[in-house]
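The values are calculated or read from the model by the stated rules, or taken from the named source; none is laboratory data. It should be emphasised that the depicted structure is a prediction, and the values quoted were computed from it without experimental measurement. Cβ: placed from backbone, ideal geometry, glycine included. Neighbour counts: every protein chain shown. Note: accessible area is taken over every heavy atom of the protein model, side chains too, but ligands, DNA and RNA are not part of it. Shrake-Rupley method; radii C 1.70, N 1.55, O 1.52, S 1.80 Å.
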Amino acid sequence: MDATTTEDRPFAVIDVGSNSGRMIVFRLREDEHLDVLEDSRAPLRLARELRDGDVLGTEAIGRTVEALHDFKAIADGTGVTRIIAVATSAVREASDGEDLVRAAAGIGIPLEVIDAETEAQLGFLGAVHDLPVQAGVTMDVGGGSVELTRFEDRRPGRSWTVPFGSLRVSDRFLDHDPPTTKEIGRLRHALAEALDDARVTELRKHEDVVGIGGTVRNLAKVDLRRTDAEMPLIHGYELTARHLAGMIDDLAERSMQRRTLVPGLNPDRADTIVGGALVVHGVMEHLGARRLVVSSRGIREGLALDSFGRSVPPASWVRTISVLTLARRFATWDARIADRRTAIVTKIFDALDATSPSSIREMLTHAASLVDIGRAIDYYDRFEHAAMVVLTADLAGFSHADLAALATILRDAGDDTSAGRLVDEQDRAVVDRAAATLALAEELLRRIDPAGPADVACAWTGEGFEVTAPVPGGWRPRAVADRFAAAVGRPLRIVADGA
């Protein structure tokens, strides 16, 4: 893909996969954040056409062109300046794949058939870019094949491709509805042999498996509905091998018609979800993984980033940019006020306990920056509304634990403790201190002359924790002082300086 300069105009990315086609219209911000403007999906089932040969056929090509024509209409409606389109496993293997490429060109879509290595690398780029993972293996389960890419320090390494996509294995191994135990055993055995033959290496300690693709996303959605999770977010969700095994047992016992009724499962996936789930579980077993981290991003996001010559930056940078991009969408947010509030909270929090986890300190700074987006909904409940936006905005680079801490800090700072269940008990005390710090910083900032410096000094004294700030003399924080003392365990004293 050719790198170009960053532009603020929308562009479309189309992925013609073996099971389905997808289109997303993006806008790439100067800070490397991808805004999604439109999207569309169409079931294609191209891998099914290759069961008995290597020809897609005119009917399959025709319905694919029809889907592409619809994608183009949606893209044109958003004013796109260019279209990036690729085809993967099924078209790559078909002897008449070039017929589809020519037909796509005839309607103005420059479809490129990419090789397995490129497909794996693009999937890695899209998936890992927006997740806080450092090393491990990405697993992209498509309709025709599975792409695996090892990565270290957020940089890609070796890739493997095995022909065990969800649609292909369903057609090849699972003849009955529901599948028999023997059929399931045959699929498991064949996959294990293929992974051994490809010499796919096991995970090392502290490495992650990152799951990509519609099969993985649908499995995560089903698990979310079954567990009634506090944060029903797909991106960053951790699907355990134990939960996946339980889902496989349940799904494999159902007929395809009954699988369409499973909460969280797209009915279009009912015929392939058992095969796809068996592949995901088999790869996890081979890698020695007890869980996988779900990415809602993948090859399309990878194509978008790659077209501008982007790579995978540090996760902390992605988080900062994601928060900034979110904040800029709200007219009530002011960068100068956010910076002043952030400076105050970091000064107080660092003085309270320099040994607090760096992750909580970072979430506190993001919370301080985002408070005012809640004012766009309601001033009085601004902390609660800011937390609500955080939990629904699909922020990039955050783990679910990070988002839980960020939302809890915001809600607790506004004196709403209903989010306490989001945070593990081991983090409860430090999150309480962070929330109390944010509440105090907000009260201080409201009383500091906006035209002057927001300098504060903090120190432990024999009487408790002392904060010196340019606030009116005689001011006492009252309620926030009680909350601060409860969280910190010592009294709070405010000293007016130069007011």
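Against the longest alpha carbon principal axis of the chain, how many degrees, from 0 to 90 and to the nearest 10, is the axis of helix 58-77 turned?
30 degrees
Can you sort ARG258, ARG92 by 1.4 Å-probe accessible area, starting with the largest?
Heavy-atom accessible area, descending, gives ARG258, ARG92.
What list of ³J(HN,Hα) values in whole Hz, one per residue of region 453-467 in order, does the Karplus curve 6.51 cos²θ - 1.76 cosθ + 1.60 (θ = phi - 60°) give from phi, with Gly and Pro shown as x?
Computed from phi, the couplings for region 453-467 are x, 9, 7, 10, 10, 10, 6, 7, 10, x, 9, x, 9, 10, 10 Hz.
For VAL456, enumerate residues with amide H under 5 Å from its amide H, sequence gap 5+ or separate chain, H modeled in the peptide plane.
none
Output the 0 to 90 degree angle, nearest 10, between the alpha-carbon long axis of helix 116-129 and the longest principal axis computed from the alpha carbons of the chain.
Helix 116-129 and the main axis of the chain meet at about 20 degrees.
Length gain on complete extension for the stretch THR58 to ARG490, per 0.36 nm per residue less the alpha carbon to alpha carbon distance?
Additional length available on full extension: 147.9 nm.
Can you work out the accessible area per residue across region 427-499, with the rest of the protein chains kept in place, probe 1.4 Å, in square angstrom?
Heavy-atom SASA per residue in region 427-499 reads 47 Å².
Which three extents, in whole angstrom, do the alpha-carbon atoms of region 333-482 cover along their principal axes, largest first?
42, 34, 26
Average projected area of the Cα convex hull of region 137-213, in nm²?
Directional mean of the projected Cα hull area for region 137-213 stands at 5.7 nm².
To test your reading of the geometry: what angle, between 0 and 90 degrees and rounded to tens, separates the Cα axis of helix 241-253 from the longest principal axis of the chain?
40 degrees
For region 222-305, what is the convex hull (Cα atoms) projected area averaged across all directions, in square nanometres?
Taking the Cα atoms of region 222-305, their convex hull projects to 6.3 nm² on average.
I'd like the FRET efficiency for THR461 and ASP175, computed as 1/(1 + (r/R0)^6) with the beta carbon distance as r and R0 of 60 Å, rounded to 0.05.
Using R0 = 60 Å, I get an efficiency of 0.20.
Quick one: pull the percentage of alpha-carbon pairs in region 250-389 with a separation above 28 Å.
50 percent
Taking the Cα centre of the chain as origin, sum charge times position over the Cβ atoms of Lys and Arg (+1) and Asp and Glu (-1), and report the length of that vector in debye to the nearest 20.
780 debye
Ignoring everything except DSSP H segments at least 4 long, calculate the 222 nm mean residue ellipticity for the chain; use -39,500 (n - 2.57) per segment, divide by total residues, nearest 500.
Here the helix-only value at 222 nm equals -14500 deg cm²/dmol.
Dipole of the chain (Lys/Arg Cβ +1, Asp/Glu Cβ -1, origin at the Cα centre): which of THR201, ALA496, GLY288 lies farthest to the positive side?
Ranked along the dipole, the leading option is ALA496.
Pick out, from VAL222, VAL423, LEU148, the residue whose Cα sits farthest towards the positive end of the charge dipole of the chain, with +1 on the Cβ of Lys and Arg and -1 on the Cβ of Asp and Glu.
Result: VAL423, furthest along the dipole toward the positive end.
Taking amide H positions as placed 1.01 Å from N in the peptide plane, with prolines and chain starts having none, which residues 5 or more places from PHE151, or on another chain, fall under 5 Å of its amide H?
The list, which skips near neighbours in sequence, is GLY136, VAL137, THR138, GLY157.
Pop a pseudo-label 7 angstrom from the Cα along the beta-carbon direction at both ARG226 and ASP416 and give the gap in nm to one decimal.
Taking the two extended label points, one gets 3.2 nm.
With equal scatterers on the alpha carbons only and no solvent term, can you work out the Debye log10 of I(q)/I(0) for the chain at 0.07, 0.13, 0.14 1/Å?
Here the Debye-derived log intensity ratios amount to -0.44, -1.18, -1.30.
Suppose R0 equals 22 Å; then what is the FRET efficiency for GLU38 and ASP8 from their Cβ-Cβ distance, rounded to the nearest 0.05?
Here the calculated transfer efficiency is 0.85.
I'd like the Kirkwood hydrodynamic radius of region 26-94, using the inverse of the mean 1/r over distinct C-alpha pairs, in Å.
One decimal place: 14.1 Å for the Kirkwood radius.
Explain nothing, just the number: dipole magnitude of region 84-133 about its Cα centre with +1 on each Lys and Arg Cβ and -1 on each Asp and Glu Cβ, in debye rounded to the nearest 20.
Dipole size: approximately 140 debye.
Projected onto the charge dipole of the chain (+1 at Lys/Arg Cβ, -1 at Asp/Glu Cβ, origin at the Cα centre), which of TYR380, LEU364, ALA127 gives the Cα projection farthest towards the positive end?
Of the options given, the answer is TYR380.
Which peptide among 126-132, 473-479 comes first, and what is the full order, when sorted by highest mean count of other Cβ atoms within 10 Å?
Going by the mean number of other Cβ atoms within 10 Å, highest first, we get 126-132, 473-479.
So, with a 1.4 angstrom probe, what is the percent of accessible area on the chain that is carbon and sulfur?
Using a 1.4 Å probe with all protein chains present, the chain comes out at 48 percent carbon and sulfur.
Can you give the accessible area of GLU285 in Å² (nearest 10), computed on protein heavy atoms with a 1.4 Å probe?
120 Å²
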